[in-house]
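Okay, structure first, notes after.
The values are calculated or read from the model by the stated rules, or taken from the named source; none is laboratory data. Since this is a predicted model, take the numbers as computed values, not measurements. Backbone-built Cβ (ideal geometry, glycine too); neighbour counts: all protein chains shown.
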Amino acid sequence: MPLVVYNTLTRKKEEFKPLHEGRVGMYVCGPTVYSHSHIGHGKSYVSFDIIVRYLRHLGYKVMYVQNITDVGHLLDDGEDRMLKQSRIDKAHPMQIAETITRSYFEDMDALNIVRPDISPRATGHIIEQIEVVKRLLSNGHAYEMNGSVYFDVRKFKAYGKLSGRSIDDMKEGTRVEVKSEKRNPEDFALWKKAEPEHIMRWQSPWGEGFPGWHVECSAMSMKYLGETFDIHGGGLDNQFPHHECEIAQSESATGKPFAKYWIHNNLVTANGQKMSKSLGNFVTLKDAFKKFDPIVVRFFILQSHYRSTLDFSEQAIEAAAKGLEKLQSTIERLRAEIVKEQNGIVQFVESLEEYRKRFFDAMNDDFSAPLALGVLFEVARETNELLANSQNASHEFLVKLNEFFTLTGDQILGILSEKQTAGEQSLEPQLIDLLLKVRGSARQRNEWRTADDIRKGLKGLRIEVQDIKDGTTWKKA
RNA sequence: GGCGCCGUACCCAAGUGGUAAGGGAGAGGUCUGCAAAACCUUUAUGCGACGGUUCGAAUCCGCCCGGCGCCUCCA
């Protein structure tokens, strides 16, 4: 089964075929850096992380570009997001941008998200953006008005092809306000004239100003990936107008198709309502990490498909935490067992190859991580069964199993990291082992009080002790 | 008003024409000094309601009910 992806542009699943053999150019809309990321951002970037990891697993050389928006994102009242935050925090907008950018990467790293190859800042690409605007002016797709430049939407016939709407449909009931400066209300700003009090300003052929929000993505994606590239991703809430406008201005500027595949991830809801900064019903990743391991958050996100909404609740994420723990403890036991010499012959009822096939079929079907996870749980159940009678297992098979989990759970899904290699053995585990040895002999003498005290004491230090068939294991809680 | 999505067990969530994955919670059991883990068994004659197409529908079509998203701030 070849990889198929759902393309928003065609509204159906298509076989994935990159423009250039073996290579994939991928651009994903990054954050506007004015406040800390929340679970919704987590879902978005975890989803695209899976896509990048999987494409790389398939052997594609992926160039992954994800922008950082630090200028030009305007509010309803026309104020720049960054400027508004800088006024609130009494800080320079670039201070905010820097702080939040760092915070963003911190959160993404915690979620075990592979960093983009390039994270271009909008303010670092003013020249490139001006170039796009100039091209649009010279070929008649844009017009200048009092120091601002607007895109003439009526000149781009295909406007609406991504979001499936027509300009005429949008007229009724929209929030579009008629600004006298624009020829048509649906036109959007490519470049805005800076008022005297506006701090973020750059010199341009049309006077001092700043770029519009949409143009940064066109300029930066084309700079690093070429005028036509493979995948453009982003949140569903950016499908319109942002992505529609990107297509309009890019294709008008170059005369070439922009992105071949458009991938949109769905949103996180809380009590059925979209989690968003403006609604204020969001949980920041930093807050979530105080209660849950970041990998639990990642796992929670992967339990639903990227194109489905995911309803966030403590109950749901706690259930996820337990599920992940089950999976992790299976892997831990497997890896502990693997170092022992084993001569058994017993394997699974269903062959590992069958499971492998089901896993990759799931991933090939529009990156269905939830289905793939289901397969991992089934393999884990069989593995546990095998390990319960470990003398029956063949060493060779256990190694194969470990390879399977490493490839699928660690490399592709990013939730089952390989145990830290014991390069620098710290004192801690040695002390714990020593303590457990003492406890073991106490148990042999039926001194249960001592044994229980040690177990209780270690639990207080967040170390969980478990007695198993031939010995005692421990893990950090 | 326009465009679009969703409704599957107590909770989360796959499945998009062949007879309901997976996780959590609950119940019973095996193992066990106790605890924990693990394993086994069990929990939806039914997928919002009603019609229709079909040998066969959660899946396709129609209508209705309920929820949500976008329509120039959002991942």
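Key figures
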quantity: Single residue of the range A:34-89 satisfying the filter (within 10 Å of RNA strand B (Cβ to nearest atom) and of a type in the set (Ser, Thr, Tyr)) that is surrounded by the most Cβ atoms within 10 Å (Cβ to Cβ); calculated: A:Ser44
quantity: A:Lys260 vs. criteria of a type outside the set (A, V, I, L, M, F, W, C) and out of contact with any Phe, Trp or Tyr (no Cβ under 8 Å at 6 or more places or on another chain); calculated: no
quantity: Filter result for A:Phe210 (within 16 Å of RNA strand B (Cβ to nearest atom), surrounded by fewer than 20 Cβ atoms within 10 Å (Cβ to Cβ) and in contact (Cβ under 8 Å) with a residue 24 or more places away in the chain); calculated: no
quantity: Selection from the range A:352-396 of residues that are at pLDDT 80 or above and assigned to a loop (DSSP other than H, G, I, E, B); calculated: A:Asp366, A:Phe367, A:Ser368
quantity: In the range A:231-245, the residues that are more than 6 Å from RNA strand B (Cβ to nearest atom) and either within 13 Å of A:Ser218 (Cβ to Cβ) or hydrophobic (A, V, I, L, M, F, W, C) (or both); calculated: A:Ile231, A:His232, A:His243, A:Glu244, A:Cys245
quantity: Selection within the range A:297-315 - touching a helix residue (DSSP H, G or I) at 6+ places or on another chain (Cβ under 7 Å) and either within 6 Å of RNA strand B (Cβ to nearest atom) or within 21 Å of A:Ile51 (Cβ to Cβ) (or both); calculated: A:Val297, A:Arg298, A:Phe299, A:Phe300, A:Ile301, A:Leu302, A:Gln303, A:Ser304, A:His305, A:Tyr306, A:Leu310
quantity: Qualifying residues in the range A:11-33 (those that are surrounded by 20 or more Cβ atoms within 10 Å (Cβ to Cβ) and more than 16 Å from RNA strand B (Cβ to nearest atom)) - the one nearest to A:Met82 (Cα to Cα); calculated: A:Gly25
quantity: Output for the range A:224-250, where each listed residue is more than 20 Å from the chain's Cα centre (by Cα), crowded, with 23+ Cβ neighbours inside 10 Å and of a type in the set (Gly, Ala, Ser); calculated: A:Ala248, A:Ser250
quantity: 2 or more residues within 25 Å of A:Leu225 (Cα to Cα): qualifying helices (runs of 4 or more DSSP H) within the range A:75-160; calculated: A:93-110, A:126-138
quantity: Pairs with Cβ under 7 Å, 6+ apart, first in the range A:106-122 and free of Cβ contacts under 8 Å to residues at least 60 places away in the same chain, second assigned to a loop (DSSP other than H, G, I, E, B) and buried (at least 22 other Cβ atoms within 10 Å of the Cβ); calculated: A:Arg121/A:Asp70
quantity: Residue within the range A:452-463 that is part of a helix (DSSP H, G or I), near RNA strand B (Cβ under 8 Å from one of its atoms), farther than 22 Å from A:Ala388 by Cα and more than 44 Å from the chain's Cα centre (by Cα) present; calculated: no
quantity: Verdict on A:Arg23 being on the phi < 0 side of the Ramachandran plot and either touching a Cys at 6+ places or on another chain (Cβ under 9 Å) or assigned by TED's automatic domain parsing to the domain that holds A:Asn112 (or both); calculated: yes
quantity: Among the residues listed as A:Val268, A:Val283, the single one being in contact (Cβ under 8 Å) with a residue 12 or more places away in the chain, near RNA strand B (Cβ under 8 Å from one of its atoms), hydrophobic (A, V, I, L, M, F, W, C) and touching a Phe, Trp or Tyr at 6+ places or on another chain (Cβ under 7 Å); calculated: A:Val268
quantity: Checking A:Glu337 against (1) more than 9 Å from RNA strand B (Cβ to nearest atom); (2) modelled with pLDDT under 90; (3) under 23 Å from A:Gln411 (Cβ atoms); (4) surrounded by fewer than 18 Cβ atoms within 10 Å (Cβ to Cβ), the condition it does not meet; calculated: (4)
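Yes or no, residue by residue, for (1) outside any helix (DSSP H, G or I); (2) farther than 16 Å from A:Gly42 by Cβ; (3) outside the structural domain of A:Ser103 (by TED's automatic domain parsing); (4) among the hydrophobic types (A, V, I, L, M, F, W, C):
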position	(1), (2), (3), (4)
A:Asn238	no, yes, no, no
A:Glu244	no, yes, no, no
A:Ile247	no, yes, no, yes
A:Ala253	no, yes, no, yes
A:Tyr261	yes, yes, no, no
A:Thr269	yes, no, no, no
A:Ala288	no, no, no, yes
A:Ile301	no, no, yes, yes
A:Tyr306	yes, no, yes, no
